[in-house]
């Protein structure tokens, strides 16, 4: 796995935030807590968690155009993945009729942006809900457990963990895995890029993903603890 760094409180004005770095991939994740829910959920006593994902124009080297009118289809698919992954660990009844919006903005892309966004968004969400609980805006126990994600793949016939762009572009099989700290799968996305893969290769990739995600949980926990201490000191 590439070097991992998570800086909590990266955006001081956000309810919860971090900058997550996986090698050269860097993503800013913020969580914004707001009263009320979408109209279709109003009156249910349940909260909502939604996500937005985008890549800054220079994140890929050559300038990426901003989606000014029509939403970027890839971005929409990724933000739905982030939202699903984070909602899987949230007790929406304890969140109350509040909405948390997770914004994940890619500063620099070198592979694994969606998995880094999921991992970082959890840190931002944990910090935002801890702050909201202290302010009596939601109940305790909003988060059931942690969630993190990592990419794996088959490159040159070998299973590799946490692919950078060069590895990802050459991969025969590309896979993204999101798991909870309790060891359950939230999402597994796997596809053969011009070739098929067998059960042994699938299990090899899953083993790598589990090991990598365990490291991510440790990095998340350290970042959340650091962020909470900083916030308590400031208040």
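What distance in nm lies between label points placed 7 Å from Cα along the C-beta direction at residue 7 and residue 32?
Placing both labels 7 Å along Cα→Cβ, they lie 2.2 nm apart.
Can you tell me the length gained on complete extension of the stretch residue 24 to residue 170, counting 0.36 nm per residue apart and subtracting the Cα distance?
Extending this stretch completely gives an extra 50.8 nm.
Taking Cα atoms, how many degrees apart are the long axis of helix 199-234 and the longest axis of the chain, rounded to 10 and kept between 0 and 90?
30
Sort 24-32, 203-211 by the packing proxy (mean of other Cβ within 10 Å over each peptide's residues), most packed first.
Working: 24-32: 22.9, 203-211: 17.4.
Listed from highest to lowest mean packing, they are 24-32, 203-211.
Going by average Cβ neighbours within 10 Å, how do the peptides 137-144, 151-158 rank, with the highest at the top? Don't jump to the answer; show the numbers that get you there.
Working: 137-144: 16.5, 151-158: 19.0.
Put in order of decreasing packing, that is 151-158, 137-144.
Name all residues of region 14-39 having a backbone nitrogen under 14 Å from the label point set 7 Å from the Cα of residue 56 along its Cα→Cβ direction, giving them as ranges.
Of the residues in region 14-39, 18-21, 25-30 have backbone N under 14 Å from the label point off residue 56.
I'm spelling it out carefully: the read-out is Cα extents along the principal axes in Å, the candidates are (1) 53, 40, 38; (2) 43, 40, 35; (3) 52, 44, 26, and one was derived from this structure. Which label?
(1)
Would you calculate a helix-derived [θ] at 222 nm for the chain, using -39,500 (n - 2.57) for each DSSP H run of n ≥ 4 and dividing by the full residue count, to the nearest 500? Kindly include the intermediate steps, with their values, before the conclusion.
Numbers: 5 runs with 82 residues, N = 235.
When only DSSP H runs of four or more count, the value is -11500 deg cm²/dmol.
Grab the Cα-Cα distance for residue 191 and residue 229, subtract it from 0.36 nm times how many residues apart they are, and report the gain in nm with one decimal.
On the way: separation 38, 0.36 × 38 = 13.68 nm, distance 4.17 nm.
Taking residue 191 through residue 229 to full extension adds about 9.5 nm, to one decimal.
How long is the gain from residue 46 to residue 158 if the chain were fully straight, where each residue apart is worth 0.36 nm and the alpha carbon distance is subtracted? Provide the component values of the computation, followed by the final result.
Numbers: separation 112, 0.36 × 112 = 40.32 nm, distance 4.51 nm.
Using 0.36 nm per residue and subtracting the Cα-Cα distance, I get 35.8 nm.
We did not get these values from a lab; they are worked out from the coordinates using the rules stated. As the structure is a prediction and not an experimental result, all values here were calculated from the model. In this analysis, Cβ positions are derived from the backbone assuming ideal geometry, glycine residues included, and neighbour counts consider all displayed protein chains.
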